[in-house]
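The values are calculated or read from the model by the stated rules, or taken from the named source; none is laboratory data. No experiment lies behind these values; they were computed from the predicted model shown. Cβ sites come from the backbone with ideal geometry, for glycine too, and all protein chains shown count toward neighbours. Remember, those area values only see protein heavy atoms, side chains included, never the ligands or the DNA or RNA. Shrake-Rupley method; radii C 1.70, N 1.55, O 1.52, S 1.80 Å.
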Amino acid sequence: MGARCYYVYILASKMGGTLYIGVTNDLIRRVAEHKLKLIESFTKDYDVVKLVYFEQFDDPENAIEREKRLKKWKRDWKIALIEKDNPDWNDLYSGIAGPHNAGLWNTGSPGQAGRRHLLFGRQERHLTCGGQNLLTPTHDRTRRDLPCRPRHDPHLLA
């Protein structure tokens, strides 16, 4: 098993709409939970389900610190951050989860005690991070990895 990654993400209701900033160690699962409205939350109430930005971190402390700092930013700064890499506010979810896998869930067997896992269909994908192949052909197995996004300069945490 590879190193664990942590993610700070921004969801939007629409271009220029309501924003939500969160942190997770499983971006695909967490965004799917928002999209499927599985949890009573702000994002469910305001239909904030479009993944418009995310960053990857190697440790939870830096990810949590970045999330806290972004939440304090002025709205204009957050919009500029999104539009720097995603000027059209495209939903990035299908790019990380795969277009055919957005709603495939396994609600669990007795051994899983009802845990939810996002499942991936039979597709061959080849994405790399630092030269390491993160996605191998999947055969209806639970996927816990994500393709890496370029790590941000640690000075941005300030």
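Looking for something out of contact with any Phe, Trp or Tyr (no Cβ under 8 Å at 6 or more places or on another chain) and of a type in the set (S, T, N, Q) - is there at least one such residue anywhere in the range 51-74? No. Residues in the range 30-65 that are assigned to a helix (DSSP H, G or I) and under 15 Å from L92 (Cβ atoms): R30, V31, A32, H34, K35. Anything in the range 20-46 that is touching a residue at least 40 places away in the same chain (Cβ under 8 Å), among the aliphatic types (A, V, I, L, M) and open to solvent by 30 Å² or more (accessible area, probe 1.4 Å)? List them, or say none. The answer is V23, L36, L38. Residues that are polar (S, T, N, Q) and open to solvent by less than 70 Å² (accessible area, probe 1.4 Å) were ranked within the range 65-98; the one that is nearest to G17 (Cα to Cα) is N86.
Okay, residues lined up against (1) under 18 Å from L36 (Cβ atoms); (2) modelled with pLDDT of 95 or more; (3) among the small types (G, A, S); (4) under 15 Å from the mean Cα position of the chain (by Cα):
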| site | (1), (2), (3), (4) |
| --- | --- |
| I64 | no, yes, no, yes |
| R69 | no, yes, no, no |
| R75 | no, yes, no, no |
| N86 | no, yes, no, yes |
| A97 | yes, no, yes, yes |
| T107 | yes, no, no, no |
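Collect the residues in the range 47-64 that are of a type in the set (A, V, I, L, M, F, W, C) and either surrounded by 17 or more Cβ atoms within 10 Å (Cβ to Cβ) or touching a helix residue (DSSP H, G or I) at 6+ places or on another chain (Cβ under 8 Å) (or both), keeping them in residue-number order.
First pass over the range 47-64, keeping only residues of a type in the set (A, V, I, L, M, F, W, C): 48-49, 51-52, 54, 57, 63-64.
Selection gives V48, V49, L51, V52, F54, F57, A63.
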